[in-house]
Amino acid sequence: MVGDPKTLHDLARVDGAVHVQCRVCGHVELKDREEMIRGRLFHRLSCDWEVVCRSQRCGSPKCDSADVRVSVAPYSQDMDVLKRRRGAMITIGLALHILHRSSYSATQAGIPVEAVRLVLRALHPFVGDRSLLERYWELYSRERAPHETLTLPFGWIVQRLVARGYSVPGEMRTG
């Protein structure tokens with residue numbers, strides 16, 4: 001790729017990530033392009049490179065400056081980290097999709113028990129709090145009335161993932 005990309009989608013050609021460096025506090029962040037694309041599309045923001053560069057803010061919790069330098073990190077040295085992170089995001093996304101469906105299912109016929117057990121097991125390394133997952137399992141595995149849902153324990157799991165810094169789709173955050 002010669003010159004700056006036209007959109008975030010162009011970064012796929014060089015397997016690139018987005019490198020953001022704050023000029024105020026010096027915070028450096030390497031962002032996964034797929035997460036950025038998903039987030040921007042969800043919020044109906046443009047993926048044009050010029051717009052991304054103008055709208056990007058510092059990712060440090062102490063600084064919210066708009067004075068940042070945005071660049072492409074092609075074939076990034078930290079690509080192994082990004083690949084692991086992308087794998088984690090895929091696992092979390094699929095697991096939350098299944099849990100979301102099971103939380104609204106009044107009976108266990110909708111989602112097999114084995115699927116929910118597997119999903120809870122897959123989420124354990126990311127949630128880090130076994131009690132939340134056990135609570136969900138206890139409520140899921142017992143008989144429920146048709147009006148009873150698991151939206152509250154599902155919301156706790158989502159809140160925990162967000163608190164630990166994992167990207168969770170917006171439709172899942174509402175519980």
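The values are calculated or read from the model by the stated rules, or taken from the named source; none is laboratory data. What you see is a predicted model; the values in this text were computed from it and never measured. Don't worry about glycine lacking a Cβ; one is built from the backbone with ideal geometry, like all the others, and counts go over all protein chains shown.
What the table shows:
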| read-out | value |
| --- | --- |
| Identity of the residue in the stretch 23-37, surrounded by fewer than 17 Cβ atoms within 10 Å (Cβ to Cβ) and out of contact with any strand residue (DSSP E or B) (no Cβ under 9 Å at 6 or more places or on another chain), that ends up nearest to residue 73 (Cα to Cα) | 35 |
| Residue within the stretch 120-135 that is surrounded by 13 or more Cβ atoms within 10 Å (Cβ to Cβ) and among the basic types (Lys, Arg) present | yes |
| Boolean, residue 106 is at pLDDT below 75, farther than 26 Å from residue 55 by Cα and out of contact with any Phe, Trp or Tyr (no Cβ under 6 Å at 6 or more places or on another chain) | yes |
